[in-house]
């Protein structure tokens, strides 16, 4: 029987631990401090899943990996790859090759062998620099950081997605989802800071990742190229969008943000740790709303 | 109490005719400009140049199918763009910008525009004599919060500024830099460390807003190499007001660059950061009521059509192209940028001399 890949409807985003969520700096530091102990993050992840989240959206950072190692049960992870902090990303030259070189340096022997094999099978040595050919090698390194059993999805991080989007790299968006599904048996997504433009391009190209992740909120914050264009694309019902940054950096409540995103065609939502005070209670509330629009 | 955000200072006009623009230098800044230019309506990324084949391959690997050259001379011969964004290495920047200006083509050059003040002055003189648009990359001036701060100060809402403090921090350098390769910062090839690379953007905003200081004093810390990782400066304006200026790329807790400006005047106080603008005014002005007001960054217009690490770079590049097409002169035109370069030069002279007072060149 052919396996189907469905986009998640409710995720707990821990992207604030990676420092990339749009929230006041003090709030990010507070969240990072609160979850400094792996036990506290591990408990939160379990509670989120128990409250109805399909999984956790985040990079396999040391904090997330340590928390997952604390747990005996499987928490589905929608891994945002490559796992790089903003400052680490800034220190590298642009393009995919410096990311691969860094991942190779940090990988264990088994991961390096797997990277080599994936590269060999895709003739990627002859296409150095090409995102479509080389990103799979990078994903191998990132995915090896997580327990394989819990890997429910692979989401290409926004710096890579938006670079390829800027270059109209159609092959990247067509081939990566196929690779992710075939190699990891997981859903494939793209994180973006330009959701309207990405949805438009995917529609024009006929490319079909399982979902994209991007900001949707009542203030239009981050809904590039324009909120009205993003909403129009959402209304067309193409590739499912899982909404983030629903509180618009704190300008509205999570309830308002979720209501707005779902009302305007978002398939699912991924509220962030930085957007919630009581994760269990608020996720249950979001889950109830999702059930209402199902 | 919150006031509604008004229009930002940075013009976000769009070019009226198609501009064919080239980017020279494909490091992080060059690629960011290439991405932005590809999304400014009426702009076409016509060509790129970088001596490193790996850098050209990296851009091609992102999907950009534009002619790529190893040498800028060849690019100018073959493509003849309407404008060039120069992001070459600092020791090459002035030479490349001069080549382009001598070809009669407008230039947007990455900051600092040259490694030395003399080179910068020669560039500005050349552009002025030939009447060719020359601008320097200072996106902070186009950040909606800081553009609004500029308006507030220029409208005199605070009265004459008596004290100012400012800081720009990011968590970036926490280990000795490599002795060779891309991460190296050789003092013979760069204008400086954190102040030249990062703080000069804040310096530009301050100088444009408050005027050119008459003298400065500064101290620096060289933590991980031969250029400064921290710089603490104090600048004295012509009317005696003091402006504090701190920058560091070696402080933890700043995953994104963070900028703060505090201003005190007889009629009010202002605190601006990347996250909010707060005002406490004795009387209403510049669209703000008397008393306390706070606007968050999300309250401001966000005109950029593409986000590749922030809002400002798109507006910044669009404003330059508008100028090239005959529109308004942007905030970051070269004469204004040269003033900031002169202040940076004075800060470096003072720090090198152990914190003695240094006059700002005029």
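Observations
- Count - residues of the stretch B:188-200 that are buried (at least 24 other Cβ atoms within 10 Å of the Cβ) and touching a strand residue (DSSP E or B) at 6+ places or on another chain (Cβ under 8 Å): 4
- Of all the numbered requirements in (1) touching a helix residue (DSSP H, G or I) at 6+ places or on another chain (Cβ under 9 Å); (2) more than 19 Å from residue B:124 (Cα to Cα); (3) modelled with pLDDT of 95 or more, residue B:304 misses one, and that requirement is (3).
- A residue that is free of Cβ contacts under 8 Å to residues at least 24 places away in the same chain and over 21 Å from residue B:165 (Cβ atoms) occurs somewhere in the stretch B:342-350.
- Breaking point among (1) touching a strand residue (DSSP E or B) at 6+ places or on another chain (Cβ under 7 Å); (2) within 14 Å of chain B (Cβ to nearest Cβ); (3) under 23 Å from residue A:43 (Cα atoms), for residue A:61: (1)
- Some residue of the stretch A:238-247 being within 14 Å of chain B (Cβ to nearest Cβ), buried (at least 18 other Cβ atoms within 10 Å of the Cβ), free of Cβ contacts under 8 Å to residues at least 60 places away in the same chain and touching a strand residue (DSSP E or B) at 6+ places or on another chain (Cβ under 7 Å): yes
- Single residue of the stretch A:149-170 satisfying the filter (within 8 Å of another protein chain (Cβ to nearest Cβ), closer than 16 Å to residue B:59 by Cβ and free of Cβ contacts under 8 Å to residues at least 40 places away in the same chain) that is surrounded by the fewest Cβ atoms within 10 Å (Cβ to Cβ): A:168
- Filter pass, residue A:238 being outside any helix (DSSP H, G or I), over 19 Å from residue B:306 (Cβ atoms) and modelled with pLDDT under 95: yes
- The stretch A:248-266, residues that are facing chain B (nearest Cβ under 9 Å), touching a helix residue (DSSP H, G or I) at 6+ places or on another chain (Cβ under 6 Å) and not in a loop (DSSP other than H, G, I, E, B): A:248, A:249
- When residues of the stretch B:240-267 are limited to those that are closer than 30 Å to residue A:18 by Cα and in a loop (DSSP other than H, G, I, E, B), the one nearest to the other protein chains (Cβ to nearest Cβ): B:255
- Checking B:205, B:243, B:194 one by one, the residue that is more than 16 Å from the chain's Cα centre (by Cα), in contact (Cβ under 8 Å) with a residue 24 or more places away in the chain and in the same structural domain as residue B:341 (by TED's automatic domain parsing) is B:243 and no other.
- Selection from the stretch A:205-232 of residues that are assigned to a helix (DSSP H, G or I) and within 14 Å of chain B (Cβ to nearest Cβ): A:205, A:227, A:228, A:229, A:230
- Looking only at residues in the stretch A:94-106 that are buried (at least 17 other Cβ atoms within 10 Å of the Cβ) and within 10 Å of chain B (Cβ to nearest Cβ), the one that is farthest from residue A:119 (Cα to Cα) is A:94.
- Taking first residues from the stretch A:80-93 that are facing chain B (nearest Cβ under 9 Å) and partners that are at pLDDT below 70, the Cβ contacts under 9 Å between residues at least 6 apart in sequence or on separate chains come to A:91/B:183; A:92/B:182; A:93/B:182.
- Selection status of residue A:127, free of Cβ contacts under 8 Å to residues at least 24 places away in the same chain and either under 29 Å from residue A:75 (Cα atoms) or touching a helix residue (DSSP H, G or I) at 6+ places or on another chain (Cβ under 6 Å) (or both): yes
- The stretch A:268-281, residues that are more than 14 Å from chain B (Cβ to nearest Cβ) and either in contact with a helix residue (DSSP H, G or I) (Cβ under 9 Å, 6 or more places away or on another chain) or surrounded by 23 or more Cβ atoms within 10 Å (Cβ to Cβ) (or both): A:268, A:269, A:270, A:271, A:272, A:273, A:276, A:279, A:280
- Within the stretch B:44-68, tally of residues that are more than 8 Å from every other protein chain (Cβ to nearest Cβ) and buried (at least 24 other Cβ atoms within 10 Å of the Cβ): 4
Rundown of residues vs (1) in contact with a strand residue (DSSP E or B) (Cβ under 8 Å, 6 or more places away or on another chain); (2) surrounded by fewer than 23 Cβ atoms within 10 Å (Cβ to Cβ); (3) outside the structural domain of residue B:52 (by TED's automatic domain parsing), yes/no style:
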site: B:70; (1), (2), (3): yes, yes, no
site: B:83; (1), (2), (3): yes, no, no
site: B:91; (1), (2), (3): no, yes, no
site: B:99; (1), (2), (3): no, yes, no
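- Of the candidates B:279, B:270, B:231, B:223, the single residue that is away from every other protein chain (no Cβ under 14 Å), over 28 Å from residue B:148 (Cβ atoms) and in contact with a strand residue (DSSP E or B) (Cβ under 9 Å, 6 or more places away or on another chain) is B:223.
- The stretch B:17-39, residues that are more than 7 Å from chain A (Cβ to nearest Cβ), surrounded by fewer than 24 Cβ atoms within 10 Å (Cβ to Cβ) and closer than 13 Å to residue B:52 by Cβ: B:30
The values are calculated or read from the model by the stated rules, or taken from the named source; none is laboratory data. Since the structure is predicted, the reported quantities are computational estimates derived from the model, not experimental observations. Note that we place each Cβ from the backbone using ideal geometry, even for glycine, and neighbour counts take in every protein chain shown.
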